[in-house]
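The values are calculated or read from the model by the stated rules, or taken from the named source; none is laboratory data. The structure presented is a predicted model; accordingly, all values stated were derived computationally and were not measured. For neighbour counting, all protein chains shown are included, and Cβ atoms are generated from backbone atoms with ideal geometry for every residue, glycine included. Just so you know, the surface numbers come from the protein's heavy atoms only, side chains and all, with ligands and any DNA or RNA stripped out. Shrake-Rupley method; radii C 1.70, N 1.55, O 1.52, S 1.80 Å.
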Amino acid sequence: FQPKPLSGKTVLMTAGPTYEPIDPVRGITNISSGKMGYALARALVMAGAKVQLVSGPVALPTPQGVERIDVHTAREMHRAVMLRAAKADVFVGVAAVADYRSVEVAIDKIKKAGEGLTIELTRNPDILAEVASLPAAPFCVGFAAESQNLDVYASGKLAAKRLKLVVGNLVQDGMGGDTNQVVLFDADGSHPLPRASKTEVAAGIVAHLARMLDAAANA
Ligand code: C5P
């Protein structure tokens, strides 16, 4: 009998985009299908973890065995995560959180008038950085989707957000599709995984995570 590598671990994670309303019919969002996050949630369950998935709006079924908490905005996602973060062993931020939201949300639809329209935006909380800076922070994993300079930006995030692991990919390699090519960045350097289905990539990420948790426990 082989115990599953993550049995007994609680993993809190985010996935999908966030949606920041401007008025009842318009808003700002980031492009994210949620496929990579949901594949990761499935792989974590298969590895024996208890998984809580705080999800932005996506068109995907809830994976078996996953507790899903649906949210729309970054602030809702932030609240849902902070309520649960202290009890989690691992936090994985996969969501493409909108960095800014509209200062004002109009109750009624904004009518066309004039040639220009200015919308004032304000910064959203950085959920992952905030979880990683908690006094008893869970083991924090981030994602970095970049259009260029992946090594520089992804390893920069490892340090800036005080993460243990960053999963980097070039947006042109993974967005919306069913396959992905990622590079894992940790204190030991960078570890590229072969291009594969998001399901296989998720299994590779979970295997690496399990080895790191093992090493941390035995250190
Ligand atoms: O800085 P950047 O947005 O590229 O960092 C990406 C990582 O940080 C992802 O893991 C993402 O889920 C997380 N993030 C977050 N809250 C934000 C912005 C990003 O949790 N407001």
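Dipole check for segment 99-219: with +1 at the C-beta of Lys and Arg, -1 at the C-beta of Asp and Glu, and the Cα centre as origin, the magnitude is about 160 Debye. Most simply put, the chain has about 40% antiparallel DSSP beta bridges, counting only bridges with both residues inside it.
Send over a whole-number figure in Å² for the accessible area per residue of the chain, probe 1.4 Å. Mind showing how you got there, number by number?
Details: 11790 Å² over 219 residues.
Ligands and nucleic acids excluded, the figure is 54 Å² per residue.
Shape of segment 122-219 from the C-alpha gyration tensor: oblate (a/c of 1.5 or more and a/b not above b/c, with a ≥ b ≥ c the square roots of its eigenvalues). For segment 152-181, list residues with backbone N below 18 Å from a point placed 7 Å from the Cα of E130 toward its Cβ? Within reach of a label on E130, which here means backbone N under 18 Å from a point 7 Å along Cα→Cβ, segment 152-181 contributes 161-163. Applying 1/(1 + (r/R0)^6) with r as the Cβ-Cβ distance of Y100 and T179 and R0 = 30 angstrom yields a FRET efficiency of 0.45. Across K157, K164, the residue with the most accessible area heads the list, and the full order at a 1.4 Å probe is K164, K157.
Annotation: K161 carries an accessible surface of approximately 50 Å², with a 1.4 Å probe and no ligand, DNA or RNA atoms counted.
Local charge for G8 was computed over the other residues whose Cβ lies under 10 Å away, with Lys and Arg +1 and Asp and Glu -1, and equals +2.
In degrees, nearest 10, range 0 to 90: what is the angle between the Cα axis of helix 74-84 and the longest Cα principal axis of the chain? Once rounded, the angle reads 30 degrees. Extension gain for L60-D23 works out to 10.8 nm (0.36 nm per residue, less the C-alpha to C-alpha distance). Using the Cβ-Cβ distance between E115 and D89 with R0 = 45 Å, the FRET efficiency computed as 1/(1 + (r/R0)^6) comes to roughly 0.25. The label-point distance for R123 and N149, in a model that sets each label 7 Å from Cα toward Cβ, rounds to 1.9 nm. Within the set of other residues whose C-beta is less than 15 Å from the C-beta of I31, count the net charge using Lys and Arg as +1 and Asp and Glu as -1. Net local charge, I31 excluded: -3.
Take the Cα of K4, step 7 Å toward its Cβ, do the same at R211, and the gap between the two points is 2.1 nm. Residue pairs exceeding 21 angstrom between C-alpha atoms, taken from K35/K161; K87/K198; K50/K87: K35/K161; K87/K198.
Residues whose amide H comes within less than 5 Å of that of T73, counting only those at least five positions distant or on another chain, are Y19 (H built at 1.01 Å from N in the peptide plane).
Counting charges near F139 (Lys, Arg +1; Asp, Glu -1) among other residues having Cβ under 14 Å from its Cβ returns a value of +3.
Could you please state how large a percent of the accessible area of segment 111-191 is carbon and sulfur, counting protein chains only and using a 1.4 Å probe? The C+S portion of the solvent-accessible surface of segment 111-191 is 50 percent.
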